[in-house]
Amino acid sequence: MAERKLLLEHSHLPEYQTLDGYKSKDGYKALGKALKMDRQAVVDEVKASGLRGRGGAGFPTWIKWNGLPKEKKSPHYVVCNADEGEPGTFKDKQLMEQTPFLLVEGMTLAGYATQSEQGYIYIRGEFIDAARALRKAIDQAYSAGLLGKNIMGSGFDFDLDIHLGAGSYECGEESALMSSLMGERGMPRLKFPHAPLPTIAGLWDRPTLINNVETYCCTPFIINNGGEWYASLGASTKNSRGTKIFSVSGHVNKPGNYEIEFGTSLKKLLEMAGGVKGGKLKACVPGGSSVPIITADDVDRAILGYEEMSEVKSMVGSGGCMFLNEHTCIVTFIWRTAMFYANESCGKCTPCREGTRWMLQILDRIRVGNGQPGDVELLKEICSQIDGRSFCGLGDAAAWPVAAALRVFPEEFEYYIANGKSMVTTEPMLAMAP
Ligand SMILES: Cc1cc2nc3c(=O)[nH]c(=O)nc-3n(C[C@H](O)[C@H](O)[C@H](O)COP(=O)(O)O)c2cc1C
């Protein structure tokens with residue numbers, strides 16, 4: 001299977017960023033169609049499509065869309081998670097910069113389906129170009145009556161605003177994102193079953209839908225072509241439908257975003273990205289820095305699908321796929337990853353705040369040649385004490401890569417500890433201390 005471009009089909013055309021250019025490629029056809037449909041019929045199409053959230057967890061999208069109260073008693077909100085903080089992932093950035101109308105139309109569709117009158121796009125602060133592209137698109141949509149009051153003469157009102165974050169990975173976690181959007185400190189809140197779902201009590205305790213950029217961008221295609229058509233893509237997999245954009249980086253000849261149909265092999269994705277650069281393939285982190293690392297042998301047999309990736313003990317995640325060649329020191333790579341999570345831990349809960357810092361300290365001492373004989377066991381123990389015990393998913397995201405590297409490449413850690421240096425010639429980029 002080669003690339004299968006839906007979302008990225010017209011992304012190379014500058015005119016696709018203008019309303020006229022977007023409309024000339026079927027833009028706003030889906031919204032026009034949806035506004036004539038019953039709201040529930042729109043949700044049902046999303047259900048039939050089998051779409052799962054592209055932010056990382058792969059949660060069925062229709063369940064969220066269906067979860068907002070049907071009897072409206074208060075304002076409803078639609079939020080887009082455009083924080084894209086997971087290292088290795090850069091697909092949402094491209095979508096917002098090059099296909100901003102897809103997101104605006106997708107969110108308007110979601111607003112209609114969930115009886116929401118207000119949408120917010122929470123964008124990672126550094127994504128200035130993306131915010132500008134969206135600003136232009138939103139302004140044009142307002143001028144054309146595609147946002148605001150009485151959209152397309154349907155009687156449906158929907159406003160859309162952009163909010164720039166201040167550069168915190170934690171603010172991509174949905175409850176922290178909502179806290180931040182409300183002007184509070186970006187920390188996570190209690191989750192279901194200990195607190196109501198966001199669809200019942202989210203922003204300002206009102207029913208709120210929150211999805212990732214790519215998730216919303218899929219929905220115009222679903223409404224235009226029908227949920228069943230969308231579900232025919234990826235049909236070879238157990239339960240992954242449609243296309244998925246993978247951000248390919250690391251030691252490859254042609255890094256970039258590649259949109260594939262679920263069911264494509266990971267090896268094929270590597271081929272699309274021009275193959276490995278600078279040596280033989282050693283390892284791959286297929287779904288963003290938090291997902292477990294896999295070996296070159298696993299790459300040969302991995303199929304890109306939510307369930308399929310568990311066969312190689314990894315995940316699709318957010319689709320940030322990093323390939324590492326034989327000259328990569330796994331200890332250094334994991335140390336750098338651990339540094340990110342320790343820096344980004346918000347500090348709310350002890351397992352994550354203390355655990356990420358402690359893991360980093362041990363990896364630090366291994367890296368400078370002061371590793372102690374029991375360090376591998378100690379790291380494993382800390383990982384198991386963080387995993388599943390932190391207040392939000394950041395702790396898991398920090399523990400998984402370390403635990404996986406210790407499981408898959410134990411000899412690299414043992415060697416480093418015993419000899420005070422790496423088994424491999426470290427890539428200068430990765431060896432660099434911050
Ligand atoms: C620490 C942390 C950071 C996250 N960062 C992001 C992010 O940057 N973008 C995103 O879409 N989801 C992120 N998520 C997942 C969101 O909490 C949430 O699952 C997602 O926005 C739901 O959208 P979806 O159903 O469309 O995937 C993060 C989760 C955690 C635990």
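The values are calculated or read from the model by the stated rules, or taken from the named source; none is laboratory data. Quick caveat, the model's predicted, so the values are computed rather than measured. Ideal geometry is used to build each Cβ from the backbone, glycine not excepted, and the neighbour counts take in all protein chains shown.
If the Cβ limit is 9 Å and pairs must be 6+ apart or interchain, which residue in region 39-58 that is not assigned by TED's automatic domain parsing to the domain that holds D92 pairs with which residue that is in a loop (DSSP other than H, G, I, E, B) and within 15 Å of the ligand (Cβ to nearest atom)?
none
When you scan region 41-59, do you find a residue that is within 16 Å of the ligand (Cβ to nearest atom) and hydroxyl-bearing (S, T, Y), even just one?
Yes: one or more hits.
Just need a number here: residues in region 280-311 that are closer than 15 Å to G58 by Cβ, of a type outside the set (D, E, K, R) and assigned to a loop (DSSP other than H, G, I, E, B).
Of the residues in that region, 6 qualify.
Filter region 298-349 down to the residues that are within 20 Å of the chain's Cα centre (by Cα) and modelled with pLDDT under 95 and list them by number.
Of everything in region 298-349, nothing turns out to be within 20 Å of the chain's Cα centre (by Cα) and modelled with pLDDT under 95.
Quick grid of which residues meet (1) farther than 29 Å from P255 by Cα; (2) out of contact with any Gly (no Cβ under 9 Å at 6 or more places or on another chain):
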{"site": "A48", "(1), (2)": "yes, no"}
{"site": "G58", "(1), (2)": "no, no"}
{"site": "K72", "(1), (2)": "yes, yes"}
{"site": "G88", "(1), (2)": "no, no"}
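When region 103-152 is examined, which residues are found to be under 21 Å from L203 (Cα atoms), assigned to a loop (DSSP other than H, G, I, E, B) and polar (S, T, N, Q)?
T114, Q115, S116
May I ask you to list pairs of residues, at least six apart or on different chains, whose Cβ atoms are under 6 Å apart, with the first in region 69-94 being touching a residue at least 60 places away in the same chain (Cβ under 8 Å) and the second being aromatic (F, W, Y) and near the ligand (Cβ under 7 Å from one of its atoms)?
Correct list of pairs: G85/Y169.
Looking only at region 384-405, which residues are without any contact (Cβ under 8 Å) to a residue 60 or more places away in the chain and under 13 Å from T350 (Cα atoms)?
If we filter region 384-405 for residues that are without any contact (Cβ under 8 Å) to a residue 60 or more places away in the chain, which is where we start, we get 384-390, 395, 399.
Result: Q385, I386, D387, G388, R389, S390, G395.
Take region 354-370 and flag every residue that is β-branched (V, I, T) and exposed (fewer than 15 other Cβ atoms within 10 Å of the Cβ).
Within region 354-370, V368 is the sole residue that qualifies.
Looking only at region 201-212, decide whether some residue is within 15 Å of L103 (Cβ to Cβ) and more than 16 Å from the ligand (Cβ to nearest atom).
Checked region 201-212: no residue is within 15 Å of L103 (Cβ to Cβ) and more than 16 Å from the ligand (Cβ to nearest atom).
From (1) in contact with a Ser or Thr (Cβ under 7 Å, 6 or more places away or on another chain); (2) of a type outside the set (D, E, K, R); (3) more than 17 Å from P188 (Cα to Cα); (4) surrounded by fewer than 24 Cβ atoms within 10 Å (Cβ to Cβ), pick out the condition that doesn't hold for P351.
(3)
Output the qualifying pairs, or none if there are none: Cβ atoms under 7 angstrom, residues six or more apart or on different chains, first residue in region 264-280 and free of Cβ contacts under 8 Å to residues at least 40 places away in the same chain, second residue in a helix (DSSP H, G or I) and not acidic (D, E).
Every condition considered, the pairs that remain are K267/V299.
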